[in-house]
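Enquirer: Have a look at the structure that comes next, please.
Each reported figure results from applying straightforward, stated rules to the coordinates on display, with no laboratory input. Owing to the predicted nature of the structure, the values given are computational and were not obtained by experimental measurement. Here Cβ is always computed from backbone atoms with ideal geometry, including for glycine, and neighbour counts include all displayed protein chains.
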Amino acid sequence: MDIQVFIEKYKDHVYRWVKWENRRQRNFYYEDDEFWSSLIEKFIKKETLNKYKEGKVKFLTWLNAVLMNHYIDGMRKHKPYVPIVSAVDELEGERALTESSSDFQKWTDNNTEIDFDKVEELVEKIEDLKLRLLMKLLMFNPIFTIFSPEEKQFLANNYGVSEDEIESTIEKIFEMHQKIRHKDIAVLTGYAIGSIGQTFDRTVRKYIIEPYLSMRIDA
């Protein structure tokens, strides 16, 4: 689809979508004009519209998934803390011992052009099952996060549900709290809640930041 055709046909839909998503968010607001302009810039730069495969899914279904991904990228870039790990677990009523990785926070704050698709690829390459799942749960996105059969079996066994139920169970946790809480991650992975922050810090530095920077240098 030509970008001008997209603008003419779907600009109103995008504005409605971002206003609806802003109402759902408690701690973040994406200005609709800023969302639209950055989306079009991304579409042109990365030729995103060419990635749609007609017949596989409906265009609006695909577009809404793209809009959510773009919105989440905006949250990561604009929030004063790394949104995938909350410094305070509000629902538990206490300061969590699992504060966000200072290294990752500084990295995301100082780099507005991070390719989070590459970050997700690096997460998938983590060989240790528990570490990989820790990262996936902290970065959980109901549209884009995918668990392998091995991962689903591990999570289901820890949480006490069937493999068929584990994905919907995690999605319900996310829908209720807009994140996977630290205490839920502890149950799902077997990590002690007090160790999750330090483990995340070490993992993100070793498996995400350093390899990502190396990839950028090599490119």
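Enquirer: Subtract the Cα-Cα distance of Lys58 and Ile3 from 0.36 nm times their separation in residues, and report this length gain in nm to one decimal.
Expert: Using 0.36 nm per residue and subtracting the Cα-Cα distance, I get 18.0 nm.
Enquirer: Taking just the C-alpha trace of the range 112-218, give me its Rg and Dmax in Å.
Expert: For the range 112-218, the Cα radius of gyration and maximum Cα-Cα distance read 14.0, 44 Å.
Enquirer: Please sort 54-61, 151-158 by packing, taking for each peptide the average over its residues of neighbouring beta carbons within 10 angstrom, highest first.
Expert: 151-158, 54-61
Enquirer: Separate question: Let me check against my output: what whole-number percent is the relative contact order of the range 112-218, with C-alpha pairs under 8 Å and at least 6 apart?
Expert: Details: 64 pairs, mean separation 34.7, N = 107.
For the range 112-218, the relative contact order is 32 percent.
Enquirer: Please work out how much length the chain gains when fully extended from Lys42 to Gln153, using 0.36 nm per residue of separation minus the C-alpha to C-alpha distance, in nm with one decimal.
Expert: 36.3 nm
Enquirer: Another question about this same structure. Using the number of other C-beta atoms within 10 angstrom as an exposure proxy, rank Ser38, Ser162 with the fewest first.
Expert: Ser162, Ser38
Enquirer: Report the calculated FRET efficiency for Lys125 and Asp12 (r = Cβ-Cβ distance, R0 = 35 Å), to the nearest 0.05. Spell out each step's value before the answer.
Expert: Values: r = 40 Å, r/R0 = 1.15.
Efficiency computed from Cβ-Cβ geometry: 0.30.
Enquirer: How high is the relative contact order of the range 3-78? Use alpha-carbon pairs under 8 Å, at least six apart in sequence, and give a whole percent.
Expert: Over the range 3-78, the number comes to 32 percent.
Enquirer: Find the percent of Cα-Cα distances in the range 1-55 that exceed 18 Å, and round it to a whole number.
Expert: Working: 580 of 1485 pairs.
The answer is 39 percent, as a whole percent.
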